[in-house]
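Enquirer: This is the structure, below, for whatever I ask next.
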Amino acid sequence: MNKTRLEAIGAYLPTTVMSTGELLGRLEKAPEFDLVKITGTTERRVADDTAHDPEDSLTMAVAAARDCLERSRHAPDGIDAVISCSISRMADGGRLQFEPSFAHRIAEEIGAHDALRFDVSNACAGMMTGVLLLDRMIRAGTVRNGLVLSGEQITPIAFTAAREMEDSRDPQFASMSVGDSAVALVMDRATDDRDVIHDIELMTCSEYSHLCLGMPSDGTGGMAMYTNNKEMHAEDRLSLWPAFHGDKLAEQGRQFADEGYDFVIQHQVGTRFVDFMNATGASRFGAPMPPSLSVVDRLANTATTSHYLVLHQALAEGRIPGGSKVLMVPAASGVVTGFLSATVSSLEV
């Protein structure tokens with residue numbers, strides 16, 4: 001079967017920068033706490049959907065798609081599939097939209113008129129899920145290429161939390177660590193080993209699905225997220241990834257230590273979470289972890305886009321040499337875990 005590659009990448013970041021201090025200034029009930037110390041995030045980007053050229057989940061996704069296609073060898077009318085993976089489907093002045101699908105609107109907006117198009121929803125693993133689906137579709141010969149993308153306007157949950165939280169132990173605390181962004185990827189068949197997706201596998205442990213839920217707030221009716229942080233980040237939850245990853249490698253007679261990963265990108269929950277995940281991986285695999293790439297300090301947790309935003313920013317800053325083998329580890333509500341590994345040589349930003 002055909003192997004796939006990440007052929008092009010693009011992103012969009014809102015122009016408004018909000019510091020963590022500014023966000024804490026919105027607290028209405030809770031006493032101020034040291035959010036920077038807890039999460040490591042000093043600022044985030046915030047979409048402005050009231051501007052003349054509004055920024056929302058849809059417009060940011062379209063902007064990221066256009067940025068990506070400018071670097072792709074595939075023209076918009078040559079794209080075979082468009083898969084949209086946003087959690088926050090905000091469009092047209094703050095309206096939450098499910099139909100028509102985001103993928104349909106994006107495909108028409110960018111000129112991919114003949115593309116198969118559908119939306120995927122899998123919490124913060126949404127974009128990873130879209131990549132997995134497109135990988136299988138290309139390998140099976142169903143399509144030749146495709147566009148996977150997501151626009152996330154999730155800072156409204158932070159503003160709801162600031163209005164409603166009683167203290168830093170509140171279930172809405174995790175909502176204070178988010179930011180807005182959009183990322184798009186073009187994938188097609190690999191032509192050599194210099195650019196290739198080696199592995200992408202996901203699993204869901206649904207018994208933990210109640211630990212993180214998004215819904216309208218019972219208090220003010222705004223967008224809200226309720227998380228049991230203590231249980232969500234318990235050691236047996238963090239250990240799901242190395243157990244699953246190790247088992248999948250063992251099925252093929254492989255070991256983590258021999259994979260030659262040059263970098264690892266964890267889900268951008270916070271700097272402590274990234275450190276805990278890497279320490280758990282090193283302990284369970286009995287091998288040192290590769291250098292960790294992160295942008296959570298300045299861009300926060302951007303949900304579905306987080307891994308690919310890190311990849312985009314690291315490429316832009318020249319932190320990933322050509323030929324590097326990058327490991328991405330999702331950690332999403334559901335609970336969803338897994339791994340993606342890819343060698344990247346030709347991606348440009």
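The values are calculated or read from the model by the stated rules, or taken from the named source; none is laboratory data. Every value quoted in this text rests on a predicted model; they were computed, and no experiment measured them. Backbone-built Cβ (ideal geometry, glycine too); neighbour counts: all protein chains shown. Remember, those area values only see protein heavy atoms, side chains included, never the ligands or the DNA or RNA. Shrake-Rupley method; radii C 1.70, N 1.55, O 1.52, S 1.80 Å.
Enquirer: Within the chain, which is the longest segment that contains none of the GluC sites (Glu not before Pro) sitting in a DSSP loop with at most 12 other Cβ atoms within 10 Å?
Expert: For GluC sites (Glu not before Pro) (loop position, at most 12 other Cβ atoms within 10 Å), the longest site-free span of the chain is 71-165.
Enquirer: To the nearest 20 Debye, how big is the dipole of the stretch 263-349 about its Cα centre, given +1 on the beta carbon of each Lys and Arg and -1 on that of each Asp and Glu?
Expert: Dipole of the stretch 263-349, to the nearest 20 debye: 160 debye.
Enquirer: Measuring from the lowest to the highest alpha carbon on each principal axis, how far does the chain reach, largest first, in angstroms?
Expert: Extents along the principal axes, in whole Å: 57, 50, 37.
Enquirer: Further, regarding this structure: Once you list every other residue whose beta carbon is under 13 Å from the beta carbon of F244, what net charge do they have if Lys and Arg are +1 and Asp and Glu are -1?
Expert: Within the 13 Å Cβ shell, the charges total -2.
Enquirer: Report, to one decimal in Å, the Kirkwood hydrodynamic radius for the stretch 241-328 based on all distinct Cα pairs.
Expert: Kirkwood hydrodynamic radius for the stretch 241-328: 13.7 Å.
Enquirer: So what is the relative contact order of the chain, in percent, for Cα pairs below 8 Å that sit 6 or more residues apart? Can you show the working numbers first?
Expert: Values: 825 pairs, mean separation 84.8, N = 349.
Once divided by the residue count of the chain, the mean separation gives 24 percent.
Enquirer: Now for a separate question. Within the set of other residues whose C-beta is less than 11 Å from the C-beta of E22, count the net charge using Lys and Arg as +1 and Asp and Glu as -1. Walk me through the numbers before you get to the answer.
Expert: Details: positive: R26, R44; negative: E43.
Overall, the nearby charge balance is +1.
Enquirer: Between beta-carbons, use under 9 Å as the cut-off and find the net charge around N145, counting Lys and Arg +1, Asp and Glu -1. If you can, show how the numbers build up before the last one.
Expert: Working: positive: R144, R189; negative: E7, D80, D188.
Local net charge: -1.
Enquirer: Let me ask something else. On the accessible surface of the chain, probed at 1.4 Å, how many percent belong to carbon and sulfur atoms?
Expert: C and S fraction of accessible area: 48 percent.
Enquirer: Turning to a different aspect of this structure: What's the FRET efficiency of T220 with R144 using the Cβ-Cβ distance as r and R₀ = 45 Å, to the nearest 0.05?
Expert: Working: r = 47 Å, r/R0 = 1.05.
After rounding, the FRET efficiency stands at 0.40.
Enquirer: Which lysines have a Cα less than 28 Å from the Cα of K37, not counting those fewer than 8 places away in the same chain?
Expert: By straight Cα distance, K37 reaches K29, K230.
Enquirer: Let me ask something additional. Enter the per residue convex hull volume of the stretch 69-157, computed from alpha-carbon coordinates, in Å³ rounded to the nearest integer.
Expert: Values: hull volume 9.3 nm³, N = 89.
Per-residue hull volume (Cα only) is 105 Å³.
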